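Asker: Could you have a look at this structure, given as structure tokens, before my questions?
The values are calculated or read from the model by the stated rules, or taken from the named source; none is laboratory data. No experiment lies behind these values; they were computed from the predicted model shown. All Cβ positions, even for glycine, are placed from backbone atoms using ideal geometry, and neighbour counts span all protein chains on display. With ligands, DNA and RNA removed, areas are computed over all heavy atoms of the protein, side chains included. Shrake-Rupley method; radii C 1.70, N 1.55, O 1.52, S 1.80 Å.
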Amino acid sequence: MINVIGLGYIGLPTALMLAAHGMDIVGTDYSKELIDTLKVGKTTFKEKGIEELFQRALDNGITFTTEYQRTDIYIVSVPTPYDSFSKKVDAKYIEAAVKQVLAVCEKGATVVIESTVSPGTIDKHVRPIVESAGFSIGTDLHLVHAPERIIPGNMVYELLHNNRTIGADEREIGEKIKKIYASFCQGEIIVTDIRTAEMTKVVENTFRDINIAYANELAKICRSDNMDVYEIIRIANKHPRVNILSPGPGVGGHCISVDPWFLVGDYPGLANIILAARKINDSMPEFVLERIHDIMKEKGMTDVRRVGLYGLTYKENVDDMRESPTLQMLESMEKHLCGNLVKIYDPFIVKDVVPNQMHSLDEFLAAVDLVVLMVGHDEIKQNMKKLKNKIVLDTRHICELEGTYYI
């Protein structure tokens, strides 16, 4: 039996996928509300294919509890935030989970950390806890790092098809865990050491962050000199060795917006390009606010209450708001005493999470004159005609209506 610990955006899909492919799975989370929801057969977030996967897992006997199980394999998928001051990983949730595992696990058990961590986190935060509890690593307990590699909106497909990395102290333990993931993973599974696995995952997300920052900096440069950044990127990308991304309102989610900070925090003075990229991407919500100000001034608008932000999530067609550019913008606006004035709407967020949040596209559009497209949900793409008489600032380059403003 495998005890999957932490049933959020990463842990729940992993638990369901393993159970759907014949593994004996018990899912554990500290949240009784979450566990109660899962026990009655309901998922806790929207995701393509997750309902079907959930039903297959239920049919195969998956169970859910707040209690840690006595078994020989644990998969830990708890959050790993970063300290906003030091920029270092905050491993408190991993530490807490490992301590509770040690209280119940069988001798010789294997603990697999799926959570994304900075290089050396398991050495600095996990091994000391294990050793101080009197366990001999490699005999009484085995440690493995198998970082997740999925993205909200395409989780089920990527769990099946993305390559995986397994980091382990002992090759035979790595191969043992590889067989478990191979029960569903159709991609290549590479076995290496723990520190390499830690670094590889962070490097992957940092690479993407740097490329996004390049596109965002181009947008700022072109805006300063009245050039069309989208046309420039379109032409440049016709070169066979050029693939510039599209600029956007910022970087959200719990991976790209967080993981690069781990390297900045752990390697100050060395992670210079990484730090610059983070600063550029973190500055984009403020840049969008400046664009809103300039457009309002150009159009003679003075009432911020007639401004509407479309989209609360960090990407299209998901309900994940973690680190979203819209939330970053609202935080900035609140500092300037106008954060509670703009209207907000997102079809994927059904509960009120911010002031002036609306729950109908038509009512939202009727209440505003300037619409800021923060996210390209399918809903708005299919209803572009409804924006025809609005002032539109499109941060995602999805609107082709005449007179549309872009970042």
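Asker: Note down the net charge around residue 139, summing +1 for each Lys or Arg and -1 for each Asp or Glu among other residues with Cβ under 12 Å from its Cβ.
Answerer: -3
Asker: Are there trypsin sites (Lys or Arg not before Pro) in region 345-407 that DSSP marks as loop and that have at most 13 other Cβ atoms within 10 Å, and which are they?
Answerer: Qualifying residues, ordered by number: 351, 388.
Asker: To continue, here is another question. Taking only protein heavy atoms into account and a 1.4 Å probe, give the accessible area per residue of region 276-362 in Å².
Answerer: 48
Asker: Search the structure for amide H atoms under 5 Å from the amide H of residue 392, placed 1.01 Å from N in the peptide plane, and list their residues when 5 or more places away or on another chain.
Answerer: 371, 405
Asker: What nm distance separates the two modelled labels at residue 230 and residue 131, each placed 7 Å from Cα along Cα→Cβ?
Answerer: 5.6
Asker: Next question, about the same structure. Can you send over the carbon and sulfur percentage of the accessible area for region 35-194, probe radius 1.4 Å, protein chains only?
Answerer: Carbon and sulfur: 48 percent of the exposed surface of region 35-194.
Asker: Report the FRET efficiency, 1/(1 + (r/R0)^6), for residue 175 and residue 31, where r is their Cβ-Cβ distance and R0 is 30 Å, rounded to 0.05. Mind dumping the intermediate values first?
Answerer: Working: r = 34 Å, r/R0 = 1.13.
Once the sixth-power term is evaluated, E becomes 0.30.
Asker: Another one. Can you list residues whose amide H is under 5 Å from residue 190's amide H, if they're 5+ apart or on another chain and H is modeled 1.01 Å from N?
Answerer: 164, 165, 166
Asker: May I pose another question? Placing +1 on the Cβ of each Lys and Arg and -1 on the Cβ of each Asp and Glu in region 190-246, which of 211, 227, 240 has its Cα farthest towards the positive end of the resulting dipole?
Answerer: Farthest along the dipole direction, towards plus: 240.
Asker: Working out 0.36 nm times the residue gap between residue 67 and residue 378, then minus their Cα-Cα distance, what length gain in nm do you get to one decimal?
Answerer: Gain in length upon complete extension: 108.0 nm.
Asker: Another one. Projected onto the charge dipole of region 83-236 (+1 at Lys/Arg Cβ, -1 at Asp/Glu Cβ, origin at the Cα centre), which of 138, 181, 104 gives the Cα projection farthest towards the positive end?
Answerer: Positive-end residue among those listed: 104.
Asker: Give, in nm to one decimal, the length gained when the segment between residue 214 and residue 154 is fully stretched (0.36 nm per residue of separation minus the Cα-Cα distance).
Answerer: This chain segment gains 19.1 nm when fully extended.
Asker: Next question, about the same structure. Given the options 21, 345, 2, identify the residue whose Cα lies farthest towards the positive end of the charge dipole of the chain (+1 on Cβ of Lys, Arg; -1 on Cβ of Asp, Glu).
Answerer: 345
Asker: While we're looking at this one, here's another question. Once you charge only the Cβ atoms, +1 for Lys and Arg and -1 for Asp and Glu, what is the size of the charge dipole of region 9-152 about its Cα centre, to the nearest 20 debye? Mind dumping the intermediate values first?
Answerer: Numbers: 15 positive and 19 negative charges, 56 e Å.
Rounded to the nearest 20 debye, it is 260 debye.
Asker: So, one more: Of the labelled options (i) 21.9, 65; (ii) 25.6, 95; (iii) 23.0, 72, which one gives Rg and Dmax of the Cα atoms in Å as computed for this structure?
Answerer: So the structure-derived entry is (iii).
Asker: Report, in debye and to the nearest 20, how large the dipole of the chain comes out about its Cα centre when Lys and Arg carry +1 and Asp and Glu carry -1 on their Cβ.
Answerer: My answer is approximately 520 debye.
Asker: Using a Gaussian network for the chain with springs between C-alpha atoms less than 10 Å apart, which of these wobbles most: 300, 339, 376?
Answerer: Of the options given, 300 has the highest mean-square fluctuation.
Asker: Treat every Asp and Glu Cβ in region 94-225 as -1 and every Lys and Arg Cβ as +1, leave all other atoms uncharged, and give the resulting dipole magnitude about the Cα centre to the nearest 20 debye.
Answerer: 160
Asker: May I ask you to give the solvent-accessible area per residue for region 196-263, in square angstrom, as obtained with a 1.4 angstrom probe?
Answerer: Per-residue accessible area for region 196-263 comes out at 48 Å².
Asker: Rounded to the nearest 0.05, what FRET efficiency do residue 48 and residue 389 have when you use their Cβ-Cβ distance and R0 = 41 Å?
Answerer: Values: r = 33 Å, r/R0 = 0.81.
Between residue 48 and residue 389 the formula returns 0.80.
Asker: If you roll a 1.4 angstrom probe over the protein chains with everything in place, what fraction of the accessible area of region 302-407 belongs to carbon and sulfur, to the nearest %?
Answerer: Ligands and nucleic acids excluded, carbon and sulfur give 48 percent.
Asker: Of all GluC sites (Glu not before Pro) in region 173-258, which ones are in loop regions per DSSP and have a Cβ with at most 11 other Cβ atoms within 10 Å?
Answerer: Qualifying residues, ordered by number: 188.
Asker: Counting other C-beta atoms within 10 Å, and keeping those with at most 11, which DSSP coil trypsin sites (Lys or Arg not before Pro) do you find in region 1-107?
Answerer: On the way: sites: 32, 39, 42, 46, 48, 56, 70, 87, 88, 92, 99, 107; in loops: 42, 46, 48, 70, 87, 88, 107.
Listed in order of number, the matching sites are 42, 107.
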